[in-house]
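Structure first, commentary second.
The values are calculated or read from the model by the stated rules, or taken from the named source; none is laboratory data. Since the structure is predicted, the reported quantities are computational estimates derived from the model, not experimental observations. Using ideal geometry, Cβ is built from the backbone for each residue, glycine included, and neighbour counts are taken over all protein chains shown. In case anyone asks, the SASA skips ligands and DNA or RNA and just uses the protein heavy atoms, side chains included. Shrake-Rupley method; radii C 1.70, N 1.55, O 1.52, S 1.80 Å.
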Amino acid sequence: MEVALPNDVLLLVGEQLEEKADRWNLVFVSRHFHDLFLSFVYRRVSLRNWHDASSFLHAILNRPVLTRAVRELDLSDWHANIVSEEQHEEITDSKQLNDWLHVVSHSDIESQQWIEDLGKGLGDAWTALILPLLSQLRKLQVAYSITSPWLGQIMRRAVQCEEPFVMQPPFKYLEEVSLNHRDDLNHDGNWGASEEHQSVSTLLLPFFKLPSVRVIIANSVVDPSIAITSPEQTTQNPRAAFSSIAEIDLRSSSGNHGMEALVALCADLKSFKYQHSDSHVLSHGYQPSAFYRSLSHSKRSLETLWLDHYGSHFPFTAAGLNQSHDEWFGSLVDFTALRELRVRLPNLLDIRYQNEPTTPLLDCLPSSLATLYIEGCEERNLGMLVSQLQTVIKNRRTRFPELSRIDIEGAFQNVRSDDDGATTSPGSEFSAGAIKNKVFQAAEPLHIDCSNAGMELYLHDRALYIS
């Protein structure tokens with residue numbers, strides 16, 4: 001006897017299907033399954049070019065109920081495909097598209113410019129046209145071009161509740177945003193420092209004003225803030241911390257002023273990850289003390305801190321000779337919620353002008369710390385660091401009861417000299433995957449102390465890690 005399962009049970013089964021192909025197969029089983037599971041296909045939408053975007057846009061315009069099914073929109077793998085003359089006419093002549101443009105645009109001139117950029121296959125233009133329709137969106141991943149204004153413009157209108165966002169609060173369920181700038185999407189190839197600076201204020205800041213957003217991930221961010229000359233200024237003119245964002249992850253970026261314009265907006269920042277890059281026109285070099293000032297707003301809430309994870313530093317920047325990247329960050333004792341710390345050795349300890357730190361590691365770490373990852377340890381500083389860490393472990397029970405893991409990264413790769421005095425290249429068979437024996441020997445006392453304390457210790461070499 002055939003037993004018909006209730007729709008609720010069928011939907012629970014469908015929830016377990018992760019593959020898009022499996023969801024498509026469900027749609028074609030029967031008319032009943034088609035109506036029941038079609039929304040599943042639209043939960044996670046990935047658009048890779050203008051053709052995907054056009055098909056998706058027309059589908060949700062034809063069936064508005066599908067707009068409420070979309071939870072994730074991924075345009076991170078966008079390809080700037082060439083639009084043929086025939087395809088361009090197909091785009092510009094679409095009645096549905098033009099009708100929606102009439103709703104979204106604020107003028108006929110704007111509408112005309114928008115449709116021209118759509119006809120060029122620009123991802124920013126297509127993204128900005130689709131976003132206002134997705135009222136249930138939870139996660140957004142975008143690859144964007146600095147030279148296209150549409151994404152920034154639509155987000156400004158969203159936070160200001162202008163058309164087409166006057167009927168309901170915009171993006172009230174959006175939780176995670178990832179913005180990936182890619183040079184290959186700059187259609188004219190002509191952008192400069194001012195445009196790079198502008199991209200932050202137009203794309204990043206509006207998301208900080210959306211009440212539901214919790215996570216921001218972005219690359220190529222150039223600090224939009226103004227310099228703060230003294231701590232007293234921060235006290236006298238505090239910035240309003242209203243944003244609900246709890247996690248900030250900035251990659252290949254340049255925070256000349258510690259990204260304070262962003263950090264100070266967060267009422268309860270729990271995770272801050274920053275990777276520095278001097279490749280930006282406006283970069284003045286890595287400024288650790290500026291990050292100390294800005295992150296002081298979050299001393300009681302910050303749980304994860306990554307500073308300059310595998311960053312890139314040039315000998316010279318726009319400000320001239322780059323000498324700031326070995327600056328001491330400052331003591332983290334007052335960061336009372338911090339559990340995970342990843343930082344370069346010269347920023348963790350003040351050893352710029354001497355072999356021993358002016359402030360011992362014992363007085364630089366918070367008692368809440370659980371994992372410590374130290375990058376950029378030169379071999380000549382390894383003995384000093386081992387000694388400092390041994391002191392920390394000896395005081396673990398009373399000072400650092402949560403500490404369970406330590407990682408040390410540096411230029412530790414084994415390089416063998418040939419008989420003629422030449423050295424074997426890092427990619428040779430001998431050195432591949434090998435750290436120098438004397439590095440292990442220098443770290444052995446620390447390894448013993450960690451083992452006795454029930455802790456984990458790991459040594460890493462960057463070249464081996466990347467390869």
Scan of the range 351-372 for residues that are in contact with a strand residue (DSSP E or B) (Cβ under 8 Å, 6 or more places away or on another chain), surrounded by 18 or more Cβ atoms within 10 Å (Cβ to Cβ) and not in a loop (DSSP other than H, G, I, E, B), ordered by number: LEU372
Index of the failed condition, GLU247 passing every other in (1) modelled with pLDDT of 90 or more; (2) open to solvent by less than 60 Å² (accessible area, probe 1.4 Å); (3) not aromatic (Phe, Trp, Tyr): (2)
Residue pairs meeting the criteria (Cβ under 6 Å; at least 6 apart or on separate chains; first of a type in the set (Phe, Trp, Tyr), in the range 63-83; second at pLDDT below 95): TRP78/GLY123; TRP78/ALA143
Among the residues listed as GLY421, GLY376, the single one being at positive phi, under 29 Å from the mean Cα position of the chain (by Cα) and modelled with pLDDT under 95: GLY376
Residue match in the range 65-78 (condition: open to solvent by 40 Å² or more (accessible area, probe 1.4 Å) and part of a helix (DSSP H, G or I)): yes
Residue tally, condition surrounded by fewer than 21 Cβ atoms within 10 Å (Cβ to Cβ) and touching a Lys or Arg at 6+ places or on another chain (Cβ under 7 Å), over the range 329-345: 3
Which numbered condition GLN390 fails, given (1) open to solvent by less than 50 Å² (accessible area, probe 1.4 Å); (2) within 22 Å of ASP308 (Cα to Cα); (3) not in a loop (DSSP other than H, G, I, E, B): (2)
Out of HIS51, HIS34, sole residue that is surrounded by 11 or more Cβ atoms within 10 Å (Cβ to Cβ), modelled with pLDDT of 90 or more and more than 25 Å from ARG156 (Cα to Cα): HIS51
Every residue from the range 278-292 that is surrounded by fewer than 21 Cβ atoms within 10 Å (Cβ to Cβ) and not in a loop (DSSP other than H, G, I, E, B): SER289, TYR292
Residue match in the range 160-173 (condition: in contact with a strand residue (DSSP E or B) (Cβ under 7 Å, 6 or more places away or on another chain) and at pLDDT 90 or above): no
